[in-house]
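No value in this document is a laboratory result; all are computed from the given coordinates. Everything numeric in this text was worked out from a predicted model, so none of it was measured. We place every Cβ from the backbone using ideal geometry, glycine too, and count neighbours over all the protein chains shown.
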């Protein structure tokens with residue numbers, strides 16, 4: 001089994017640096033994908049209430065026979081549940097679907113900043129954290145101004161900010177704002193849904209190291225300290241996405257990939273998205 005490095009979050013909890021994302025995987029297919037990932041050596045699974053596949057994740061986890069303390073499970077609070085009490089009800093519903101008594105990381109999925117509801121929701125996550133229903137709490141798709149407002153509440157600093165980040169959208173300002181506050185950055189859509197895999201620097205690095213372009217991009221993330229959650233339902237790709245610890249990109253290769261940044265967003269913009 002591949003040894004996956006761990007990232008220590010600001011509350012001392014450790015998270016595998018590479019996990020499986022299950023965005024857009026139908027619930028009926030999720031159990032098989034998660035089972036394949038766990039058998040390959042993954043120990044971190046990232047889902048969300050809005051994905052509609054927490055039940056499939058939970059069934060795979062239960063069937064795996066793996067000890068609970070070897071697994072790291074992330075789920076997320078959807079926009080319609082942004083509120084202090086609503087967050088409690090939402091997590092309890094997620095736990096029921098997952099078949100768990102706690103999650104390892106609970107995130108506010110989007111800030112939906114037309115209102116300040118994400119601030120009330122954050123206080124709800126703090127309650128859940130204090131009760132032990134989540135080992136760590138964080139946010140997703142938060143811009144620097146949203147992070148500032150959460151931190152200004154004077155309570156718990158988010159452990160993670162999960163954002164769209166890949167060679168075509170490097171989100172440097174947001175990542176830097178997170179780092180300055182002790183918040184780990186986790187990349188969703190780390191491969192830009194495949195859109196960057198034909199870029200010349202990535203193809204050249206893949207040839208030089210005898211790996212795939214996707215493996216090069218994941219290695220680029222890992223060498224810069226980010227947590228990544230590539231998604232796949234194909235067993236060969238699930239295994240290949242984990243096989244990224246046997247080579248290192250050179251400084252020149254990292255710089256060439258860094259130069260691909262072009263605001264190539266594939267998902268909604270956090271400043272305007274309201275669900």
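Looking at segment 158-175, which of the residues that are on the phi < 0 side of the Ramachandran plot, touching a strand residue (DSSP E or B) at 6+ places or on another chain (Cβ under 7 Å) and assigned to a loop (DSSP other than H, G, I, E, B) is surrounded by the fewest Cβ atoms within 10 Å (Cβ to Cβ)? The extreme case among them is 165. Could you go through segment 115-129 and let me know if any residue there is surrounded by fewer than 24 Cβ atoms within 10 Å (Cβ to Cβ) and within 23 Å of residue 5 (Cβ to Cβ). Looking through segment 115-129, none of the residues is surrounded by fewer than 24 Cβ atoms within 10 Å (Cβ to Cβ) and within 23 Å of residue 5 (Cβ to Cβ). When segment 200-234 is filtered for residues that are in contact (Cβ under 8 Å) with a residue 24 or more places away in the chain, out of contact with any helix residue (DSSP H, G or I) (no Cβ under 7 Å at 6 or more places or on another chain), within 24 Å of residue 31 (Cα to Cα) and not in a strand (DSSP E or B), only 229 remains. The set of residues in segment 223-251 that are within 14 Å of the chain's Cα centre (by Cα) and closer than 15 Å to residue 17 by Cβ comprises 225, 226, 227, 228, 229, 230. Going through (1) more than 20 Å from residue 231 (Cα to Cα); (2) assigned to a helix (DSSP H, G or I); (3) in contact with a helix residue (DSSP H, G or I) (Cβ under 9 Å, 6 or more places away or on another chain) one by one, residue 29 falls short only on (1).
Among the residues of segment 176-199, just one is in contact (Cβ under 8 Å) with a residue 40 or more places away in the chain, assigned to a helix (DSSP H, G or I) and over 17 Å from residue 22 (Cβ atoms), namely 192.
Annotation: residue 137 fulfils all but one of (1) more than 18 Å from residue 15 (Cβ to Cβ); (2) crowded, with 17+ Cβ neighbours inside 10 Å; (3) touching a helix residue (DSSP H, G or I) at 6+ places or on another chain (Cβ under 6 Å); the unmet one is (1).
Regarding residue 109, is this residue touching a helix residue (DSSP H, G or I) at 6+ places or on another chain (Cβ under 8 Å), more than 30 Å from residue 256 (Cα to Cα) and crowded, with 23+ Cβ neighbours inside 10 Å? Against the criterion (touching a helix residue (DSSP H, G or I) at 6+ places or on another chain (Cβ under 8 Å), more than 30 Å from residue 256 (Cα to Cα) and crowded, with 23+ Cβ neighbours inside 10 Å), residue 109 qualifies. If we scan segment 32-45, do we find a residue that is closer than 17 Å to residue 136 by Cβ, crowded, with 21+ Cβ neighbours inside 10 Å and free of Cβ contacts under 8 Å to residues at least 40 places away in the same chain? Within segment 32-45 (the criterion being closer than 17 Å to residue 136 by Cβ, crowded, with 21+ Cβ neighbours inside 10 Å and free of Cβ contacts under 8 Å to residues at least 40 places away in the same chain), the answer is yes, since at least one residue qualifies.
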